[in-house]
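Here's the structure, in structure tokens; my notes come after.
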Amino acid sequence: MKFLVLIVALFAVPAHAYSGKELREDCLAAEGAFAASAASPNAYQSPRGARCLGYLEGFVDGYAVSDHLAESVGVTLNAFCLPKSADLSYRLVRSVLAYLDRQPPNPESSTATLVAAALSRTFPCAEPLEPRR
């Protein structure tokens, strides 16, 4: 019986997707945290900044796994190529904010699509994407 109550409770709570507007607000908080502590930046001290960085770094990690799996079957994704730099977290935040300054988020598109577009514009690969077959 307790199990049934738990299942009902889980489905009774509406799902909440992370919107482009929320990402923008969170990334502005992260940018502010980076600016406030330039000597030793820690944007994770701000809950909103931490949410932005967690989303972006999770997105990048997910892409790295996808890229690795694609390469294992002979496919190169090359949607974006991140530099190896100490300030990568800050550069990810700036990339998304700059993209949102130029293109406000579309409520119909996903936040993941928005981040992918921002990163592909900021960090293009030297080699183009493979053509579709």
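Please pick out the residue among Leu100, Leu119, Leu114, Leu92 that is closer than 27 Å to Ala33 by Cα, buried (at least 16 other Cβ atoms within 10 Å of the Cβ) and in contact with a Lys or Arg (Cβ under 6 Å, 6 or more places away or on another chain).
Numbers: Leu119 fails: in contact with a Lys or Arg (Cβ under 6 Å, 6 or more places away or on another chain); Leu114 fails: in contact with a Lys or Arg (Cβ under 6 Å, 6 or more places away or on another chain); Leu92 fails: in contact with a Lys or Arg (Cβ under 6 Å, 6 or more places away or on another chain).
After applying the criteria, what remains is Leu100.
Out of the residues in the range 41-66 that are free of Cβ contacts under 8 Å to residues at least 24 places away in the same chain and part of a loop (DSSP other than H, G, I, E, B), state the one that is surrounded by the fewest Cβ atoms within 10 Å (Cβ to Cβ).
Asn42
Mind listing whichever residues of the range 67-84 are of a type in the set (Ser, Thr, Tyr) and without any contact (Cβ under 8 Å) to a residue 12 or more places away in the chain? Outline the logic, then answer.
Kept after step one, since they are of a type in the set (Ser, Thr, Tyr), are these residues of the range 67-84: 72, 76.
Matches in the range 67-84: Ser72 only.
All of the numbers you see were taken from the coordinates with simple rules; none came from a lab. These numbers come from a predicted model, not from an experiment. With ideal geometry, Cβ positions are generated from the backbone for all residues, glycine too; neighbour counts draw on all protein chains shown.
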